[in-house]
Each structure stands twice: as C-alpha cells, then as structure tokens.
Amino acid sequence: MSRIKETLSNISDSAKHISFTKKHKKFFLALFASLVIVAAIIGIVAGVSSRNNSDESDTSHHAVVKSACSGTFYPDLCFSAVTTVPAGTAKKVRSQKDVIELSLNITTTAVEHNYFKIKKLLARKDLTTREETALHDCLETIDETLDELHEAVEDLHEYPNKKSLTQHADDLKTLMSAAMTNQETCLDGFSHEGADKKIREVLIDGEKYVEKMCSNALAMIKNMTDTDIANEMMLKSSNRKLKEDESGIAWPEWLSAGDRRLLQSSSVTPNVVVAADGSGNFKTVSEAVAKAPEKSSKRYIIRIKAGVYRENVEVPKKKSNIMFIGDGRTKTIITGSRNVVDGSTTFHSATVAVVGEKFLARDITFQNTAGPSKHQAVALRVGSDLSAFYNCDMLAYQDTLYVHSNRQFYVNCLVAGTVDFIFGNAAAVFQNCDIHARKPNSGQKNMVTAQGRTDPNQNTGIVIQKCRIGATSDLQPVRKNFPTYLGRPWKEYSRTVVMQSTISDVIQPAGWHEWSGSFALKTLFYAEYQNTGAGASTSARVKWGGYKVITSASEAQAFTPGRFIAGGSWLSSTGFPFALGL
C-alpha cells in the first residue's frame with residue numbers, strides 16, 4: 001500500500017507542471033485501478049487463509065469437546081459451556097483431559113458466583129434463625145466444593161503419572177461425588193414451604209447448574225479412566241501388589257515412617273490431653289481442636305479423658321490428620337442436643353462434625369439427646385476423606401449418623417437410632433458393627449439407612465458387612481408394633497448393600513421401604529448377599545426393579561473395603577482391625 005501512496009504522490013506533483021493529454025490520463029487511471037485491485041486480492045486471500053486455519057482449529061476443538069461431552073448426562077450443557085469460552089482458551093483443548101479441566105474451571109467460577117449470591121442473602125434483615133443457619137451451611141459446603149474442584153484440577157495435571165490409574169480414578173471420582181453432594185446439602189437445608197421455599201428458589205438454579213457441571217465432569221472422568229485402565233490391563237499383568245514395607249504391611253505413601261511406628265505400637269502418646277476436671281491441657285474438645293495445626297502431614301493425637309463433654313465440636317477442612325482417643329466408649333462421651341424442631345438444620349445439628357481428611361477416632365461415644373420428638377438430630381456428621389472409627393458408639397434417634405461424603409470406615413462400632421439413622425452420600429463401609437433400631441414415637445417406622453446418591457456415576461453408597469442388625473432393649477419387646485426396615489431411598493440412585501451380616505427378626509420380611517410412592521424404585525441399587533438370621537430370608541423381599549440378591553462372590557467383592565473405599569491403600573495406617581475382602 002505504501003507503494004501505491006508513493007505513486008499517487010508523484011502523479012500529483014507532476015500534474016502541477018505538465019498538462020496531460022486524454023491518453024495519458026487514461027493510462028494512469030488504469031494503472032491506479034490495477035494496483036488497487038491487486039492489493040484487494042492479496043487482502044482477500046490472506047483473510048480467507050486465516051479464516052480457513054481458524055475454522056479448522058474450531059472444527060477440531062469442537063470435535064474433541066463433542067466427543068467428550070457425548071458420554072455425559074447433560075451433553076448440551078457440557079458442549080455449550082466449554083465452547084463459549086474465549087478463543088485463546090478453546091485452542092488449548094486437544095484432549096478429553098483438557099475438556100474436563102476446562103469444565104472444572106468453568107464450574108469453579110459458577111461456585112464463586114453462588115458464594116456472592118449467598119453473602120447477599122445473608123445481609124437481609126428478615127431472615128429466621130433457621131434460614132440464616134441454612135445459608136451458613138451453604139457457605140461451608142461452597143468452601144468445601146472449591147477445595148474439591150481445586151484438588152481435582154491438580155490431580156488431572158498429574159494424571160496419569162503420579163499414582164496408579166486406579167488410584168487416580170478413585171480419588172477423582174471421590175472429589176466430584178463429594179462436590180455434587182455439597183450442592184444437594186445446601187438445598188436440603190431449606191424446606192419447600194413458606195419463607196424457606198422463597199430462598200431455595202433464589203438458590204436452586206445456581207446450585208443445580210454446578211451439580212450438573214460436576215455430573216458431566218464425573219462422567220468424563222469415569223469414561224477416560226475406564227478406557228485407560230482397560231488399555232493398561234491389556235498391556236500389563238493385572239496382578240499388581242501394593243507397595244509393602246519391611247514388615248509386610250501395606251502403608252499409604254502419605255503416611256510417614258514415624259506415623260507408621262506410632263500407630264503400630266500398642267500405646268499411643270497424645271499431643272494434648274482434654275480433661276473436664278482440668279487435669280489436662282484443655283477442658284473442652286473444641287479448644288484442643290482449635291489449637292491443632294492446620295494441614296498437618298503428621299498425626300495429631302488428642303486424648304479425651306473419661307467424662308461427659310457437653311459441647312458441639314467441629315473439625316474443619318483445614319484440620320487434617322487429627323485423631324481422637326477416648327478412655328472407653330462408655331467413659332468418654334461427647335453429647336449435644338441440637339435438632340431441627342428447635343431451629344437447626346440437619347447439617348448443623350451434629351454434636352460432632354468432622355471434615356478434615358484422615359480423621360480417626362476410637363473408644364468414644366458421640367451422642368445427641370434431643371429425642372424422637374425433635375425429628376432430625378445428628379450425633380456425628382462425617383465428611384472426612386479416608387476417615388475411620390473404631391470402638392465408637394453413635395447414639396441418637398432420627399438421623400443418628402450422617403455419613404455425608406468421601407470415603408469412611410467403621411469397625412466394632414455401635415450405631416443406634418430410629419428413622420434414617422445411617423444416612424448420607426459417603427462411600428461408607430461398616431464392618432463387625434452392631435446396628436440397632438430403637439423404640440420410636442408412636443406411629444413411626446424405623447429405617448436403618450437412607451442413602452443419598454444422586455448420580456449413577458458417583459462412587460458412593462452404604463455397605464454393611466459382617467455386622468449384626470437388631471433392636472435395642474426398649475424396642476425388642478414391642479418390635480411388632482414398630483415396623484423396622486433395612487432402608488429407604490433418600491435420593492434417586494440410592495445404593496445400599498447388606499452382606500454377610502446377621503439380621504434379626506426386627507426387620508420386616510419385605511426388607512426395604514419406599515420413600516414416596518414409586519420414587520427411585522427402578523433407579524436405586526439395594527442388594528443382599530449371604531446374610532443369616534431370622535430376618536435374613538429374601539423370599540418375601542420387595543420386587544422393585546433396583547433390588548437384587550447377589551449370588552456371586554465376584555460381584556459382592558466390589559463392595560468390600562478393598563474395592564469400595566480403596567482400603568488397601570490406607571486402612572493399615574489406622575492401626576484399626578479390618579478385612580479387605582469377603
């Protein structure tokens with residue numbers, strides 16, 4: 001173009017001194033027109049080439065996204081969310097893993113938006129105590145969700161090299177399952193009537209959007225890891241052994257040698273002692289937890305001496321690797337009485353709430369004394385990943401033990417309650433436990449479990465293995481007046497397995513009970529395997545599409561601690577007794 005300008009300038013200067021003939025004028029006009037046309041053609045060719053390259057890039061990017069999204073439950077949402085990001089970001093999407101990471105980043109932004117929406121609602125002056133509590137529950141679950149999404153992105157960055165493919169898959173699916181559960185928990189804090197309903201309606205679109213995005217990410221993670229694991233099995237022998245130390249016991253990589261020796265020993269030296277009489281470092285359990293280090297890589301042991309501790313204790317997300325050791329399940333008792341009737345939410349009613357990962361407890365009773373008339377009143381809520389409980393009692397009535405999320409193990413424990421007294425959406429295994437129904441209010445039915453899986457790809461469920469299901473002494477003489485069932489479906493894909501357990505005649509012949517009409521009866525997964533006892537016969541069990549009697553050991557094996565909660569990589573570190581298989 002500069003050459004065109006120079007030519008025109010020279011022509012203009014010459015025109016001042018020379019009088020052109022018509023022939024000369026036609027020549028220069030033709031020359032100018034030719035130069036303009038050439039420049040235009042060059043520009044068009046360059047533009048077309050650029051657009052072709054861009055179109056090819058967009059086509060390739062869209063093909064990758066469409067392929068990844070095709071296996072999700074919300075493919076249109078998946079595709080539109082990922083393809084509407086800035087062009088520079090979109091060009092970096094070359095694989096299914098890239099699609100998952102981008103989807104998680106978009107979800108994180110949506111979670112942050114929900115946070116500010118809730119903060120705005122909390123500024124209102126007309127909130128009831130329950131509404132305010134429910135909104136604070138939402139903030140807590142949002143905080144946990146952000147951590148889980150961040151951990152998932154970090155895990156994806158390391159995939160598939162840092163851990164085994166199976167461990168990567170288990171960890172990623174656990175993180176996404178927990179993130180989805182958090183959205184449900186937020187909404188569950190509000191009733192469907194009155195003022196609560198109005199607040200729920202403000203939140204529901206944002207919470208459901210995040211839950212659907214997490215569902216899509218979970219589906220893509222499952223598809224990717226299933227494919228990679230299958231390919232790996234074709235190339236290598238499937239007979240892999242866990243890393244073993246010199247003692248021949250499998251230990252997880254995160255546990256230090258010092259922790260291993262400490263937990264293998266018969267006696268454990270605590271970091272601090274809690275004693276109600278003032279003979280320890282603290283008088284309350286909450287004070288001891290508050291002083292514990294954050295994000296500790298070493299086990300921090302809090303010994304709780306014999307006594308009754310009337311307090312509500314929270315072990316937050318940042319307090320990891322904490323262990324409670326009591327003086328005995330009948331001697332060390334932590335008790336509270338929060339409940340829904342008096343204005344709490346179910347989530348907030350817990351006497352003890354544990355979220356920090358790798359939490360351990362032994363020889364303690366967790367109790368809520370609100371009673372059957374106070375409805376939901378939780379003794380213990382657990383959202384701690386890789387957590388375990390040994391020789392502990394969980395005592396309450398409705399909603400005794402809230403197995404909220406992540407991987408959990410209970411051994412030699414007693415759980416007693418009435419309605420839905422083991423509930424939530426963790427991957428929880430109970431082994432060699434006593435699970436006892438109590439006498440409820442007149443007209444009530446007892447439900448041992450109410451599992452809350454909302455998506456078939458979630459790796460969650462309640463497994464009761466080698467346990468004893470029966471009645472407490474107050475229910476036993478009047479058990480025929482209060483029907484008791486193994487469980488009912490709280491959410492659409494509820495999953496509960498009872499196997500190798502002794503079931504007393506307190507359980508009704510039908511075994512299981514509906515939640516509301518036909519809800520979830522075809523989508524749930526309820527199974528029984530090799531149970532014994534007066535209430536174990538399956539001949540009169542429900543005929544639902546989702547119920548089955550497992551007949552093969554290979555199918556039952558999927559619900560053992562070794563498979564269901566990846567127990568081979570961490571249960572040894574607890575120092576608690578366990579069996580990985582059938």
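Points worth noting:
- Label zone at residue 94 (point 7 Å along Cα-to-Cβ), backbone N below 13 Å, the stretch 220-234: none
- Hull shadow area, averaged, the stretch 413-553 [alpha-carbon convex hull, nm²]: 7.9
- Directionally averaged shadow of the stretch 483-550, computed from the convex hull of its alpha-carbon atoms, nm²: 4.0
- Net charge contributed by nearby residues that have their C-beta within less than 11 Å of residue 218 (K/R +1, D/E -1): +1
- Report note on the peptides 122-135, 380-393: ranked by the mean count of other C-beta atoms within 10 Å, highest first, their order is 380-393, 122-135.
- Residue-span extension gain [residue 540 to residue 80] - 0.36 nm each, minus C-alpha spacing: 160.7 nm
- Residue 201/residue 162 FRET efficiency (R0 45 Å; Cβ-Cβ; nearest 0.05): 0.55
- Spatial separation of Cα centroids for the stretch 124-201 and the stretch 265-317, in angstrom: 28
- 14 Å beta-carbon shell around residue 505, net charge (K/R +1, D/E -1): +3
- Alpha carbon centroid spacing (whole Å) that separates the stretch 330-356 from the stretch 507-582: 28
- The residues neighbouring residue 541, those whose beta-carbon lies less than 12 Å from its own, together hold a net charge of +1 under the Lys/Arg +1, Asp/Glu -1 convention.
- Where the alpha-carbon atoms of the stretch 120-161 are placed on the principal axes, they occupy 52, 16, 6 Å, in descending order.
- The stretch 325-385 - Kirkwood radius from inverse mean 1/r over Cα pairs (Å): 12.1
- Protection-proxy order for peptides 61-71, 290-300, each taking the mean of Cβ atoms within 10 Å per residue, highest first: 61-71, 290-300
- For the stretch 130-207, the average shadow cast by the Cα convex hull is 5.4 nm², which is a quarter of the hull's surface.
- Estimated FRET transfer efficiency (residue 191, residue 474; beta-carbon r; R0 22 Å; 0.05): 0.10
- Based on alpha carbons, the Rg and Dmax found for the stretch 295-574 are 17.6, 51 Å.
- The stretch 277-432 - Rg (one decimal) and Dmax (whole number), Cα, Å: 14.2, 43
- The stretch 75-231: Rg to Rh, with Rh as the Kirkwood radius over Cα pairs: 1.04
Coordinate-derived values only; no laboratory data. For clarity, every value in this text was computed on a predicted model and none was experimentally measured. Counting neighbours? That spans all protein chains shown, and the Cβs are built from the backbone with ideal geometry, glycine included.
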